[in-house]
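Read the structure below first, then the notes.
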Amino acid sequence: MESIGVLMMCPMSSYLENELEKRFNLVRFWNSPEKSVLLETHRNSIRAVVGNASAGADAQLIDDLPKLEIVSSFSVGLDKIDLGKCKEKGIRVTNTPDVLTEDVADLAIGLILALLRRLCECDRYVRSGKWKTGDFKLTTKFSGKTVGIIGLGRIGTAIAKRAEAFSCPINYYSRRVKSDVGYKYYPTVVELAKNSDILVVACPLTDETRHIVNGEVMDALGAKGVLINIGRGPHVDEQELVKALREGRLGGAALDVFEQEPHVPEELFGLENVVLLPHVGSGTVETRNAMADLVVGNLEAHFSGKSLLTPVV
Ligand code: DGY
């Protein structure tokens with residue numbers, strides 16, 4: 001398969017890069033300052049694109065690569081891929097579901113605890129030597145709080161299961177009511193927020209879910225409520241979030257994702273009631289390697305005429 005051109009959009013994992021390099025003619029998109037020259041040079045040899053949560057395959061890239069057969073995403077989220085265009089052109093698409101569910105759900109619980117128990121602030125307090133001189137403010141209990149989850153798919157369900165272990169009642173909003181789960185369904189995100197202490201975003205990003213957490217939802221969650229986002233940055237209206245936090249209309253926010261990554265609104269840096277992470281939901285060695293194996297496995301399957309391991313389109 002050495003002659004098959006695979007375009008990797010950005011650095012994602014050195015393990016993945018090595019595995020791709022062993023099998024394919026790997027072209028690194030980020031290595032060339034002149035993207036148009038790179039695409040022109042390789043336009044007739046690139047048959048696969050490997051993207052991720054920050055760089056996928058948009059309509060322009062798909063048009064620039066006439067021999068493209070498959071887009072294999074090193075992510076479960078597909079929002080950076082023009083799925084409509086892929087379908088139209090018969091280009092296959094794969095992602096990395098399941099292998100990252102536990103890590104992302106673990107991180108959501110970690111963010112809840114970090115925010116409510118002020119773990120990052122505690123750490124700063126000890127490191128700065130203030131422990132010797134002052135008292136640390138009391139924090140907020142997690143066990144027993146009502147958790148509202150937007151999106152009860154694989155990751156949302158895994159978060160709910162973990163929160164149940166903290167004796168938390170679970171509410172959810174989803175496109176469909178799930179009759180067998182035993183959690184309380186709310187038909188709108190505003191109602192979900194009104195009836196929850198902790199609101200967790202865990203749905204895919206689509207046109208319908210962009211800014212699903214807007215100012216009205218933040219007000220419904222209220223001054224004692226907190227927001228956790230492990231989905232995608234554009235799920236949350238960041239300008240409204242900054243306003244709600246500054247004005248004390250929202251209790252706090254813990255965010256693993258942002259609207260324009262790696263840009264983070266500077267106003268958030270000065271606030272103590274926020275926790276900010278650099279999109280690391282799936283960022284463990286074990287999971288990233290399992291994701292890489294799926295990307296490579298899907299490409300190998302495709303180019304040897306076998307069934308894809310995790311097909312989307
Ligand atoms: C995903 O897989 O969509 C994650 O956000 C990447 O870490």
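Nothing in this text is a laboratory measurement; each read-out follows from the coordinates by a stated rule. Treat the numbers as computed from the prediction; the structure is a model and nothing was measured. Note that we place each Cβ from the backbone using ideal geometry, even for glycine, and neighbour counts take in every protein chain shown.
Mind listing whichever residues of the stretch 252-291 are touching a strand residue (DSSP E or B) at 6+ places or on another chain (Cβ under 9 Å) and within 13 Å of the ligand (Cβ to nearest atom)?
Leu255, Asp256, Val257, Phe258, Leu277 - these are the residues of the stretch 252-291 that are touching a strand residue (DSSP E or B) at 6+ places or on another chain (Cβ under 9 Å) and within 13 Å of the ligand (Cβ to nearest atom).
Would you pick out the residues in the stretch 160-188 that are part of a helix (DSSP H, G or I), out of contact with any Asp or Glu (no Cβ under 9 Å at 6 or more places or on another chain) and in contact (Cβ under 8 Å) with a residue 12 or more places away in the chain?
Hits for the stretch 160-188 are Ala160, Lys161, Ala163.
Identify, by number, the condition in (1) within 16 Å of the ligand (Cβ to nearest atom); (2) assigned to a loop (DSSP other than H, G, I, E, B) that Pro33 doesn't meet.
(1)
Yes/no per residue for (1) buried (at least 23 other Cβ atoms within 10 Å of the Cβ); (2) of a type in the set (D, E, K, R); (3) in contact with a strand residue (DSSP E or B) (Cβ under 8 Å, 6 or more places away or on another chain):
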| site | (1), (2), (3) |
| --- | --- |
| Tyr183 | no, no, yes |
| Val190 | no, no, no |
| Ser196 | yes, no, yes |
| Leu205 | no, no, no |
| Met218 | yes, no, yes |
| Leu221 | yes, no, yes |
| Gly225 | yes, no, yes |
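Which of the residues spanning the stretch 98-115 are in a loop (DSSP other than H, G, I, E, B) and surrounded by fewer than 19 Cβ atoms within 10 Å (Cβ to Cβ)?
If the condition is that a residue be in a loop (DSSP other than H, G, I, E, B) and surrounded by fewer than 19 Cβ atoms within 10 Å (Cβ to Cβ), then Asp98 is the only one that fits.
Could you list all residues from the stretch 90-118 that are in contact with a strand residue (DSSP E or B) (Cβ under 8 Å, 6 or more places away or on another chain) and among the aliphatic types (A, V, I, L, M)?
Ile91, Val93, Ala108, Leu111, Ile112, Ala114, Leu115, Leu116
Go through (1) in contact with a helix residue (DSSP H, G or I) (Cβ under 7 Å, 6 or more places away or on another chain); (2) within 28 Å of Glu121 (Cα to Cα); (3) surrounded by fewer than 17 Cβ atoms within 10 Å (Cβ to Cβ) one by one and return the number of the condition His263 breaks.
That leaves (1) as the condition not met.
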